[in-house]
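Just so you know, all these numbers are worked out from the coordinates, no wet-lab data involved. Here the structure is a predicted model, which is why all the values come from computation and not from measurement. Cβ sites come from the backbone with ideal geometry, for glycine too, and all protein chains shown count toward neighbours.
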């Protein structure tokens, strides 16, 4: 299964993450992958994080070469960035989760802040 190794705010502002450090997420096992994006501005990509099993993955590179576009659709995979595997559960929160809350999720708990519902 290929792990999505980038967070893209658009084609000119994105951040790449390690697939193996500190957690090897390409080992064929189930993993909790959590992405935190604090905003949509060009410099917000500097704060974007990917957690695997409650641990922040190492940043490989960050690219900021253009002004952000208007907010658009949210994709998981697609085009050259397809996810080869299964998405078991998907949750969108209306707040940025803290590292402690992400660790709680991985341990099977529930963060104290409510999730986004409509």
Kindly state, to the nearest 0.05, the FRET efficiency for residue 95 paired with residue 56, given R0 = 25 Å and r defined as their beta-carbon distance. 0.90
Please compute the length gained on full extension between residue 63 and residue 37, using 0.36 nm multiplied by the number of residues separating them and subtracting their Cα-Cα distance. 7.9 nm
Among 31-44, 87-100, how do they line up from the highest to the lowest mean number of other beta-carbon atoms within 10 Å? 31-44, 87-100
